[in-house]
Amino acid sequence: MKKVSIVTSVFNAEKFIGDTYRSIEAQTFTDWEWVVTNDCSTDSTEKILLDIAGKDKRVKIFKNLTNQGAGYSRNRSISESQGKFIAFIDSDDLWERDKLIRQIDFM
């Protein structure tokens, strides 16, 4: 199987981002990287993400110097991705445990 790059643009998502990560971490398919671009959050999103990345080396965090919007931030994450496949998850979304394996099997 091939690595999946999970791409997320994030802005002020402190209420949701931990749950989003836990739904990714719980995937039955484990060959993934989570590539997150922080679009200048003003809440504790950055601290939460850095804590997660400090515990899980599959997590890569990038930060825009100025607020650029979701599209720009997603594209930045894509440009930093190393996976064979790209999957998108918004910063307030949750996945079922078998979401990635089902997609990989289908492809």
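Here are the numbers for the structure shown:
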| item | result |
| --- | --- |
| Solvent-accessible area per residue for the chain (1.4 angstrom probe, square angstrom) | 57 |
| Cut-off under 5 Å, modelled amide H: who pairs with VAL59 long-range | TRP34 |
| Sulfur and carbon atoms: percent of accessible area, segment 1-95 [1.4 Å] | 50 |
| Which listed pairs, of LYS15/LYS47; LYS15/LYS57; LYS3/LYS47; LYS47/LYS84; LYS2/LYS63, have C-alpha distances above 24 Å, in listed order | LYS3/LYS47; LYS47/LYS84; LYS2/LYS63 |
| Residues whose placed amide H lies under 5 Å from that of PHE88, excluding near-sequence neighbours | VAL7 |
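The values are calculated or read from the model by the stated rules, or taken from the named source; none is laboratory data. These numbers were taken from a predicted model, which means no experiment stands behind them. Quick note on the areas: whole protein, heavy atoms, side chains included, nothing else; ligands and nucleic acids left out. Shrake-Rupley method; radii C 1.70, N 1.55, O 1.52, S 1.80 Å.
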